[in-house]
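Notes follow the structure.
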Amino acid sequence: MKTTDPVTNIKGVGDKTSLLLKKLGITTVNDLIKYYPRGYEKYETPIPISDLKDGIYAFHGQMTKRPVTKRVRNLTITSVYVTDWTGTIRLSFFNMPYLANSMKMETEYVFHGIIHESGKTSVYCEHPKVFQPEEYMDRVRHLNPVYSLTKGIHNTTISKAVRKILSDQIEFCDILPEQTRNQYHLISLKDALYQIHMPEDESTLLAARRRLAFEEFFLFLIAIYRLKEHKNPIINKYQMFETAESNRFIEMLPYKLTDAQKKVWSEIKAELTGTTTMNRMIQGDVGSGKTIVAILAMLLAATNGYQSAMMAPTEVLAAQHFATINEMIHKYQLPLHPVLLTGALSAKEKNLAKKAIASNAVNVVFGTHALIQENVSYHNLALVITDEQHRFGVRQRESFAGKGKDTHVLVMSATPIPRSLAMILYGDMNLSVMNELPSNRLPIKNCVVNTDYRKKAYEFMKEEIIKGRQVYVICPMVEEGDMEHLENVMDYRDKLKAYFPETIRIEALHGKMRPAEKNKIMDYFSRGEIDILVSTTVIEVGINVPNATVMMVENAERFGLAQLHQLRGRVGRGAHQSYCIFVSGSTSKNNMERLSVLNKSNDGFQIAEEDLKLRGPGDLFGIRQSGMMDFSIADIYQDSKILEEASEEVKRILEEDPEFQLPKHHNLKMYVLEEDFQQVDFRTI
Ligand code: ADP
Ligand code: MG
């Protein structure tokens with residue numbers, strides 16, 4: 001087996017499994033081996049039945065009576081009583097009579113599941129998993145990998161396939177030079193892959209993680225350092241002149257710009273009208289009003305006869321920007337001619353949009369990644385703006401800038417990155433910090449609650465909806481999968497529909513929907529035609545519906561604090577009092593403490609710092625800031641020290657051997673030369 005082989009070459013992986021794996025983005029052996037677990041499970045040590053109470057537990061037991069199966073409407077309920085030396089507990093299985101029937105009488109099993117208390121003295125357990133004792137005890141001793149799954153594929157399918165790969169004598173090409181590995185105490189690639197999928201214990205897992213995170217940063221930094229060829233200021237080829245239009249527009253806005261917006265706008269204006277090309281990042285918390293500053297820059301370019309383009313990471317967000325600009329053009333008579341280009345357009349529409357972009361018919365372009373496709377050419381392009389830049393790779397940003405010749409570059413981000421890290425990652429960019437929210441905002445009221453609070457929350461939502469407001473509910477999963485205990489969008493929508501009167505309009509939104517469908521739902525929601533939007537985190541970036549005042553997040557324990565802060569940023573965008581309800585499925589002390597940080601602060605920077613402090617560098621099980629920094633294993637907060645080390649090392653190597661000519665850098669050279677590297681999607685920071 002080779003790493004480039006298709007997954008079907010792995011013994012036990014057939015066509016059916018390979019199709020499912022493809023859904024997870026896995027087609028080759030290499031993809032699978034790089035599909036790291038998203039967490040690890042340690043199975044609880046079994047306890048005596050008499051000690052069981054509410055919670056997740058394991059216990060030994062034997063069946064002393066035959067199972068009893070009843071039919072209740074369309075449900076088959078099988079009850080089983082199991083006993084150990086301390087007591088007896090009832091287990092119920094729904095629609096699985098065969099499971100209980102396959103269990104042998106008076107034979108020891110281990111059961112693992114959620115225990116419910118019924119009354120003061122009695123407990124029962126629904127749908128426990130049943131194990132042979134040896135099998136279970138093996139799981140207790142090890143850390144068991146937990147992979148992200150899709151419907152139809154089981155965790156064991158993935159872990160078995162991974163084990164097959166690892167037991168094969170496969171060649172893994174280790175890119176890190178030996179000197180680097182020795183200097184920074186990094187284990188070999190092969191060991192790291194082994195330990196990340198099948199860790200012996202926490203310390204070997206940590207070592208594996210450290211090695212893989214280092215490599216990720218290392219390659220990422222090599223890519224950016226090599227891309228940044230020209231660090232010297234470039235002469236401004238599109239020097240603009242101030243026009244009356246900007247001020248007229250600012251005067252007409254229904255609000256006054258904040259001091260922070262004014263400051264950033266004047267920094268941008270100075271560069272666009274100055275002698276060197278702009279290369280600037282705006283960092284501003286969610287809701288600080290970055291969009292209007294970007295639009296001001298686009299307006300200035302347009303009134304100077306230039307084209308500008310803004311790229312957003314999602315269809316939904318690009319469409320929203322386009323709608324905003326159209327509304328403004330109409331309301332304020334702006335001399336702008338906009339066009340939208342996204343993957344959701346029909347082939348015919350795309351062609352029309354591309355034609356327009358290549359001509360002088362449009363002066364402001366909005367879109368998604370579609371804007372950087374090869375066959376899109378621009379006319380007099382002077383300014384490119386990337387919104388939510390942390391969602392794009394370095395290469396994507398570079399190719400966007402490459403659509404013009406030495407264009408002005410503006411990137412916007414709501415990710416609060418500590419300055420020291422920003423220096424490593426964006427050393428050549430000027431930073432504008434927008435550290436102020438518009439003054440009409442009332443601080444968001446937050447609460448962290450457990451699932452018992454749901455009824456109250458729904459009643460509260462009802463009151464807000466009657467007042468004319470709208471609600472978001474976030475679930476971590478799209479549909480029912482292996483993670484039964486996590487809320488999913490589809491079932492939740494149905495649950496809410498059953499709970500609320502029909503007059504309340506409830507819809508679902510998630511990333512697996514077709515783009516056009518997503519846009520339609522988002523469009524209805526922003527026009528106020530949907531009252532409750534049940535969604536995954538696809539709505540997390542950029543969406544602006546100021547009338548929405550309630551954000552309820554289910555399984556809040558599953559998200560990183562910074563991500564929860566982003567989600568919260570979807571409300572509190574208008575003058576109405578807004579509320580955020582974080583519903584936690586786990587009431588552990590650590591978890592509640594972590595979530596309570598959100599209660600105490602509405603400031604993104606502070607939250608990022610607290611998050612880092614709470615997790616600490618050794619916290620493997622900390623929740624990754626998914627969606628914020630899409631390294632597959634590294635995390636710029638948690639691994640900031642590793643990032644610094646990788647940066648030192650990359651600088652040293654590039655100084656010593658910039659073209660990787662030395663034999664010791666052979667593997668690195670091969671990797672960089674490989675076409676693969678060109679395509680590596682550094683969807684990061
Ligand atoms: P973000 O910085 O998160 O991208 P947006 O640019 O989407 O934020 O702005 C959020 C909302 O705030 C929008 O509805 C926008 O019209 C409004 N807004 C922007 N600037 C101001 C301001 N100075 N005063 C009041 N509202 C503002
Ligand atoms: Mg925004």
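The values are calculated or read from the model by the stated rules, or taken from the named source; none is laboratory data. Everything quoted here is computed from the prediction, not taken from an experiment. As a convention, Cβ positions derive from the backbone with ideal geometry for all residues, glycine included, and neighbour counts pool all protein chains shown. Protein only, heavy atoms only, side chains kept; ligands, DNA and RNA dropped before computing areas. Shrake-Rupley method; radii C 1.70, N 1.55, O 1.52, S 1.80 Å.
Key figures
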{"item": "Centre separation in Å (Cα based) which lies between the range 362-425 and the range 518-577", "result": "25 Å"}
{"item": "Per-residue ³J(HN,Hα) for the range 654-671, Karplus 6.51 cos²θ - 1.76 cosθ + 1.60, θ = phi - 60°, Hz, x for Gly and Pro", "result": "5, 6, 5, 8, x, 9, 6, 7, 5, x, 5, 9, 4, 4, 5, 4, 4, 5"}
{"item": "Relative contact order of the range 271-384, defined on C-alpha pairs under 8 angstrom at six or more residues apart (%)", "result": "32 percent"}
{"item": "Table column - 3J(HN,Hα) (Hz), the range 265-273, Karplus curve with 6.51, -1.76, 1.60, x for Gly and Pro", "result": "4, 6, 5, 5, 4, 4, 6, 5, 9"}
{"item": "Calculated from backbone phi, Karplus (6.51, -1.76, 1.60) coupling profile of the range 243-251 in Hz, x at Gly/Pro", "result": "10, 5, 4, 4, 5, 4, 5, 4, 4"}
{"item": "Peptide ranges 235-242, 429-436 listed from the most packed, as the mean C-beta count within 10 angstrom indicates", "result": "429-436, 235-242"}
{"item": "The range 155-176 and the range 271-293: distance between their alpha carbon centers, rounded to Å", "result": "45 Å"}
{"item": "Under 5 Å, built H, 5+ apart or other chain: amide partners of MET310", "result": "VAL365, PHE366, GLY367, ILE385"}
{"item": "The chain, relative contact order [Cα under 8 Å, separation at least 6], %", "result": "12 percent"}
{"item": "Cα-centre dipole for the range 445-601 with unit charges at Cβ (Lys and Arg positive, Asp and Glu negative), debye to 20", "result": "600 debye"}
{"item": "C-alpha long axis of helix 155-167 to longest principal axis of the chain, angle in °", "result": "80 degrees"}
{"item": "Interchain or long-range residues, amide H under 5 Å from VAL553's placed H", "result": "ILE474, ILE581, PHE582, VAL583"}
{"item": "Overall form of the range 302-439 per C-alpha gyration tensor (a/c, 1.5; a/b vs b/c)", "result": "prolate"}
{"item": "Inter-centroid distance (Cα atoms) of the range 1-23 relative to the range 25-101, Å", "result": "30 Å"}
{"item": "Per-peptide average of other Cβ atoms within 10 Å, ordering 47-56, 494-503 highest first", "result": "47-56, 494-503"}
{"item": "Distance violations [Cα-Cα > 31 Å] among LYS331/LYS497; LYS262/LYS405; LYS160/LYS518; LYS34/LYS512; LYS129/LYS495; LYS589/LYS651", "result": "LYS331/LYS497; LYS160/LYS518; LYS589/LYS651"}
{"item": "Helix-only mean residue ellipticity at 222 nm for the chain, each DSSP H run of n ≥ 4 adding -39500 (n - 2.57), per residue, nearest 500", "result": "-11500 deg cm²/dmol"}
{"item": "Nonlocal amide H pairs with SER586, under 5 Å, H built at 1.01 Å", "result": "GLU557"}
{"item": "DSSP-defined antiparallel bridges as percent of all bridges, the chain, nearest 5", "result": "40 percent"}
{"item": "For peptides 107-114, 323-330, 301-308, 334-341, sequence by mean Cβ density within 10 Å, most packed first", "result": "301-308, 334-341, 107-114, 323-330"}
{"item": "Charge dipole (the range 464-531, unit charges on Cβ, about Cα centre) - positive-most of TYR499, ALA516, VAL489", "result": "ALA516"}
{"item": "Total charge dipole magnitude, the range 42-140, about the Cα centre, Cβ charges on Lys, Arg, Asp, Glu only, Debye to nearest 20", "result": "580 debye"}
{"item": "Gain in span if fully extended, GLU398 to THR3, counting 0.36 nm per residue against the direct Cα distance", "result": "139.2 nm"}
{"item": "Accessible surface, the chain, averaged per residue in Å² (probe 1.4 Å)", "result": "46 Å²"}
{"item": "Carbon plus sulfur fraction of accessible area for the range 42-140, probe 1.4 Å, in percent", "result": "52 percent"}
{"item": "Shape category assigned to the chain from the gyration tensor of Cα positions, a/c cut at 1.5", "result": "oblate"}
